[in-house]
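See below for the structure under consideration.
The values are calculated or read from the model by the stated rules, or taken from the named source; none is laboratory data. None of the values given here were measured: they were computed from a predicted structure. Here the Cβ positions follow ideal geometry from the backbone for every residue, glycine too, while neighbour counts run over all protein chains shown. Accessible surface areas use protein heavy atoms only, side chains included; no ligands, DNA or RNA. Shrake-Rupley method; radii C 1.70, N 1.55, O 1.52, S 1.80 Å.
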Amino acid sequence: MLEIKNLSIAYGKVQVIWDLSITVGSEAVGLFGPNGAGKTTLINCILGMIRPISGNIYFDGRDITGLETYQVVRLGIALVPQERELFPLMTVEENLKSGAAYIPHARNQLVDRMNFVFTIFPVLKERLSQKAGTMSGGEQRMLAVGRALMACPKLLILDEPSVGLQPSIVTEMFAKLKQIRMEGVSILLTEQNVKQGLKVIDRGYVIENGRIVIEDKSEKLAQEEHIKRAYLGV
């Protein structure tokens, strides 16, 4: 589905990603690493917000390198940004509808998409008239994921979904991600909380200093000595 080949990215003269290659099929894939490793930069490049200096990005067999963000989204990639970026003065319902507003095929399935989101996050159905800015951090994160799902994505990208959430909410959120995957949506997850992330994904990559240093299935990543020392505190 998503194939990134030999991607290099720079901000001006400062290169931040070197010759990076990853793939995401019909599965959940994790991208783990510390702050500054290049995770968000990679996401921004996939979404067309940054142009690479070399390499290519393919989605469903099509080269999407250099496409505008709205074109990438219409092809079936949706992002849940780290900061949620909701419309705080708009209601839950209005925020959800905004996720489908500029995607023609999603807009035509508005009721079905809303019902799909409610199967994942029933609390949102109970809060339709509540303004997003008055919700708790966990509820806002659910709303951000729900809004992304309104776009009928084939691939859902989540940038550090556990940031700012208390541990019990993190556990609940990752359980919801497993449910989303079971509904047929592929997932690319960037995360510092490796312990929780490994419970959701099928495969994972570790990125450090702009380079992929480890790639393996989730159960094998959990046994990697480097990951145990650097990310699991073992």
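Structure notes:
- For region 161-208, a residue qualifies if it is surrounded by fewer than 20 Cβ atoms within 10 Å (Cβ to Cβ), touching a strand residue (DSSP E or B) at 6+ places or on another chain (Cβ under 7 Å) and farther than 26 Å from Glu225 by Cα, and exactly one does: Arg181.
- Test: residue in region 61-72 that is under 17 Å from the mean Cα position of the chain (by Cα), among the β-branched types (Val, Ile, Thr) and more than 21 Å from Ile201 (Cβ to Cβ): yes
- Enumeration of residues in region 52-87 that are touching a residue at least 24 places away in the same chain (Cβ under 8 Å), of a type outside the set (A, V, I, L, M) and closer than 17 Å to Asn6 by Cα: Pro52, Ser54, Gly55, Asn56, Tyr58, Phe59
- Checking each residue in region 138-170 for being over 12 Å from the mean Cα position of the chain (by Cα) and among the acidic types (Asp, Glu) picks out only Glu139.
- Every condition in (1) buried (at least 19 other Cβ atoms within 10 Å of the Cβ); (2) out of contact with any Asp or Glu (no Cβ under 9 Å at 6 or more places or on another chain); (3) not in a helix (DSSP H, G or I) holds for Leu79 except the one numbered (2).
- Residues (over 21 Å from Cys45 (Cα atoms), open to solvent by 50 Å² or more (accessible area, probe 1.4 Å) and assigned to a loop (DSSP other than H, G, I, E, B)) located in region 82-101: Phe87, Pro88, Leu89, Met90
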